[in-house]
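Only the coordinates and a few stated rules stand behind these numbers; no lab work does. Since this is a predicted model, take the numbers as computed values, not measurements. With ideal geometry, Cβ positions are generated from the backbone for all residues, glycine too; neighbour counts draw on all protein chains shown.
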Amino acid sequence: MIPSSSRAKSIEYAIRDVVVPAMELEEKGHKILKLNIGDPIAYPGLSTPKHMVDAYVQSLRAGQNGYSGSYGIQELRNAISIDEISKGWNCHPNDVYVTHGVTEALQIIFSAVLSEGDRILAPGPHYPPYMAYPQMSGAITEEYMLDPDDSWRVRIDDIRNRMSDDVRMLVLINPNNPTGNVMTAEEIDQVISIVNEYPNCMIIADEIYDGLDFTGHQVSIASRSSSVPVITLNGVSKVYYAPGWRIGYMALHDPTNCLVDVKDAIERLLRSRLCASTPAQMGYLAGLNNDRGWMNEHRRIVAERREIALTRIQSIDGLEVEPTGGAFYMFVRITHPRWKNDDKQFVLSLLQEEKVLLVHGSGFSKELGSGHIRLVHLADPDTLNEAFDRIERFLKNT
């Protein structure tokens, strides 16, 4: 048997892994209530806006199916830069790179920067690729703590204690997946002041959920930095409700011109993989250039369903949840004595018994996510209430 690489064997992606047993049940005719995956258009009332779809289709009909520039269509790069400027920092179009989703942006950045033995600091719990991808470059991801008893607030002191000269990147996910925490400007400033002491380190600012802020204090991380380099990540998936289009971007904020070599490496890697989808880029361009008033109704729907989830969880014996500030996730603590130390088996047993699909918290961090579940609160009210009825019944019967 031809062996595979040891690094590839170690890759896990909890969000998708739990889908496998759910698919087996569906093949047997069972209907699964899915609160597991952050695909907003999988739920009623949250479709991709028509003008974006029309632009995508028009691009196809106009024969715009060829390769685009490796860094992205220039009109889209211009529009993204204008959007980032509106968030408070001087983003130049030539510092914007369009990618095949944010996940490809991560792969490119990690490949361009990380070497054997480098360290990257990411929040724990966190989006799984921040743990999986760096090891493909021989680097190590180390988790800094979020406070589970204070709405998963970033532990600034823990970041400070973990910083050293071999840390090449500090990741901030704001709003956070999977916890829904939103950092304040003051917290961001504190983190920037710490990273400023380490000239070989940059900040990765994952802001894919920036338009789903319920606190009123979400700000661009790049807008707060006058010295530390920041690479902002965003795209069409969550706030523009088009995850299957797979269009994301990275925007480089380099106030002291220290990313010259990194930028060259990023561009070399981008050229080697050709380009992102041309028609999908045109659809995103329409989203950026047209009126965004439609977002208010989508945001209202998400907020309404968030309140339903908070209320129901707080009434269920065996579960606890901290109020969320943004995105559309809840990271729920299991307090039930049978399940509090085995979150993965809780998810699998709930799926088998009640046909409700969640994601185990340990899939987002084996240590800091253990004893929790991640729940997506985007389903319609009837489905949400039915799912919580089943969860409550399961906990009472076990």
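For the range 237-283 and the range 140-180, what is the separation of their C-alpha centers, rounded to whole Å?
Computed from Cα coordinates, the inter-centre distance equals 24 Å.
Using the charge dipole of the range 50-289 (Lys, Arg: +1 at Cβ; Asp, Glu: -1 at Cβ; taken about the Cα centre), state which of VAL57, GLY180, SER277 has its Cα farthest towards the positive end.
VAL57
Please work out whether the range 358-398 counts as rounded, prolate or oblate from its C-alpha gyration tensor, where a ≥ b ≥ c are the square roots of the eigenvalues and a/c under 1.5 means rounded, while otherwise a/b larger than b/c means prolate and anything else oblate? Could the numbers behind the result be given before it?
Details: a/c = 4.74, a/b = 1.52, b/c = 3.12.
Cα axes put the range 358-398 in the oblate bin.
Counting Lys +1, Arg +1, Asp -1, Glu -1, what net charge surrounds ASP149 among other residues with beta carbon under 13 Å of its beta carbon?
Cβ neighbours under 13 Å give a net charge of -1.
Among DSSP beta bridges lying fully in the chain, give the percent that are antiparallel, nearest 5.
Working: 22 of 42 bridges.
Taking every DSSP beta bridge within the chain, about 50 percent pair in antiparallel fashion.
Find which of ILE120, GLN218, PRO148 sits farthest along the positive direction of the dipole of the range 75-223, computed with +1 on the beta-carbon of Lys and Arg, -1 on that of Asp and Glu, about the Cα centre.
ILE120
Pulled fully out, how much extra length does the chain show between ASN290 and GLU75, if you take 0.36 nm times their separation in residues and subtract their Cα-Cα distance? Before the final figure, lay out the partial values.
Details: separation 215, 0.36 × 215 = 77.40 nm, distance 1.37 nm.
Working it through step by step, the gained length comes to 76.0 nm.
Once you treat every alpha carbon in the chain as an equal point and sum by Debye, what is log10 I(q)/I(0) at q = 0.10, 0.11, 0.12, 0.13 Å⁻¹?
Per q value, in the given order, log10 I(q)/I(0) is -0.67, -0.81, -0.98, -1.15.
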